[in-house]
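Shown next, in structure tokens, is the structure this report addresses.
The values are calculated or read from the model by the stated rules, or taken from the named source; none is laboratory data. Just so it is clear, the structure is predicted and the values come from calculations on it, not from any experiment. All Cβ positions, even for glycine, are placed from backbone atoms using ideal geometry, and neighbour counts span all protein chains on display. Each accessible area value is taken on the protein alone, full model and side chains, heavy atoms only, with ligands, DNA and RNA left out. Shrake-Rupley method; radii C 1.70, N 1.55, O 1.52, S 1.80 Å.
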Amino acid sequence: MSVESIPVKHGTIVAGREMPEFSRIGVEPITGACGAEISGVDLSKPLSDEVLREVMTAFEHFLVIMFRDQDITVEQHKAFSRIFGELTELPQAPTYAGHADMQEVRREAHEPVSVVPFTKFHTDSPFLPRPPLCMVMRALEAPKYGGDTAFANMYLAYEELSEGLKETLSRLKVVYSGKDIWCQNAKLDKDKQLRLREGHSFTEDQLESVHPAVRTHPRTGRKAVYVTGAYFKGFEGWSMDDSRSLLDYLAHMPHKLQYQCRIRWKKDTVIVWDNRFLQHCGIHDYQDERRHLIRTTIIGERPI
Ligand code: CO
């Protein structure tokens, strides 16, 4: 007795969607949740249209893409960054080597963890009217062990919520403000202070924004939780007391391992991460070593 089996073509699901096919670049997913290591690409040179299309597909699908051994100049770094959009300055992040449109994350071997902002999961600069779409970051120096950056896929977090909470969040807006970070920082003891940018040309209006708690990808329509404790001033129309318990619940979501991947830095590792649909945090599990990362920031759309 034989049973005719009909071959069914099942796509592999990774990062919550069917794995795209790639023919020009190597794409190795890092976890089932997000992140992919890309091979066969030299970022010091302009990318061909076919390679560019696949890199953009990988970025959209995996949200964080990583390239090893990219010994590139600052100008090559900026040129690669521009394929994702227009570079923007940030009011608060320290700049790198006199480049107003590049930032650095630097912790010297003797410095405490408190010199770098946000060692909890967060999205960067949500107080801006058009917060960053993505960052392109390269390691100049990384600890021998440790100092990874962790990412959490906030689409997956949203998709697992109950319909009731999705409904509640769909009507909620969040007030984010970066207005007081300099004066809050100045109140801290010198050895507890963050390294912040000295001056900037942003107006007060540009340092506070109200954004939806659920953010929608403008092309695909996919939705993600867009709530973080960083710069959080409350849900619109809610008191801080009322806001806090829901914030605590939502801010805990990126801690679930099944939403995460981690990037292990090595010198000349370059990553691009989507700051809209991922949350991230640096892991300061090392001591007495220097960690120096430089990056560009690409301006995003007004959150919808
Ligand atoms: Co950050």
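Measure off, as a whole percent, the carbon and sulfur share of the 1.4 Å-probe accessible area of the stretch 212-254, all protein chains present.
Carbon with sulfur: 49 percent of the solvent-accessible area.
The distance linking the stretch 13-83 with the stretch 231-304 is 20 Å (Cα centroid to Cα centroid, whole angstrom). Rolling a 1.4 Å probe across the protein heavy atoms gives the stretch 71-155 an accessible surface of 36 Å² per residue. Of the residues F232, N185, S201, the one whose Cα sits farthest toward the positive end of the charge dipole of the stretch 111-263, with +1 on the Cβ of Lys and Arg and -1 on the Cβ of Asp and Glu, is S201.
Taking each residue as 0.36 nm, the span from R68 to E50 lengthens on full extension beyond its C-alpha to C-alpha distance by 4.4 nm. For the stretch 101-238, the residue among T216, H110, T149 whose Cα projects farthest onto the positive side of the dipole built from Cβ charges is T216.
Subtracting the Cα-Cα distance from 0.36 nm times the residue separation, let me have the gained length for M19 to L196 in nm, one decimal. Spell out each step's value before the answer.
Working: separation 177, 0.36 × 177 = 63.72 nm, distance 3.97 nm.
Extra length from M19 to L196 when fully extended: 59.7 nm.
Diffusion coefficient of the chain by Stokes-Einstein, Kirkwood radius over Cα pairs, 25 °C, 0.890 mPa s: 121 µm²/s. Taking all protein chains together and a 1.4 Å probe, the residues M102, M240 rank M240, M102 from largest to smallest accessible area. Secondary structure note: in the chain, about 95% of the DSSP beta bridges are antiparallel. The charge dipole of the stretch 99-180, taken about its Cα centre with unit charges on the Cβ of Lys, Arg, Asp and Glu (plus for the first two, minus for the last two), comes to roughly 180 debye. Taking a temperature of 20 °C and a viscosity of 1.002 mPa s, what whole-number D in µm²/s does Stokes-Einstein yield for the stretch 24-157 with Rh from Kirkwood over alpha carbon pairs? For the chosen part, D equals 129 µm²/s. For the peptides 125-131, 190-196, 143-149, the ranking by packing is 125-131, 143-149, 190-196, with the highest mean count of neighbouring Cβ atoms within 10 Å listed first. Label-to-label distance, D288 versus E75, with points set 7 angstrom from Cα along the beta-carbon direction: 4.1 nm. Calculated mean residue ellipticity, 222 nm, the chain: -5500 deg cm²/dmol, from DSSP H runs (n ≥ 4) at -39500 (n - 2.57) each, averaged per residue and rounded to 500.
Both radii come from the Cα set of the stretch 165-304: Rg as radius of gyration, Rh as Kirkwood radius; their ratio Rg/Rh reads 0.96.
Taking only protein heavy atoms and a 1.4 Å probe, what accessible area per residue, in Å², does the stretch 195-252 have with all protein chains in place?
Numbers: 3040 Å² over 58 residues.
Value returned for the stretch 195-252: 52 Å² of accessible area per residue.
Local charge for V116 was computed over the other residues whose Cβ lies under 9 Å away, with Lys and Arg +1 and Asp and Glu -1, and equals +3.
Counting only other residues whose beta carbon sits under 14 Å from that of S81, what net charge do I get with K and R as +1, D and E as -1?
Details: positive: K78, R82, R138, R295; negative: E75, E86, E89, D101, D274.
Its environment carries a net charge of -1.
DSSP bridge analysis restricted to the stretch 4-86 gives an antiparallel fraction near 65%, rounded to the nearest 5.
Within the stretch 269-303, list the residues whose amide N lies under 20 Å from a label point set 7 Å along Cα→Cβ of S39. Under cut-off, by backbone N: 269-272.
Would you work out what percent of the accessible area of the stretch 10-160, with all protein chains in place, is carbon or sulfur (probe 1.4 Å)?
Reported share for carbon and sulfur atoms: 49 percent.
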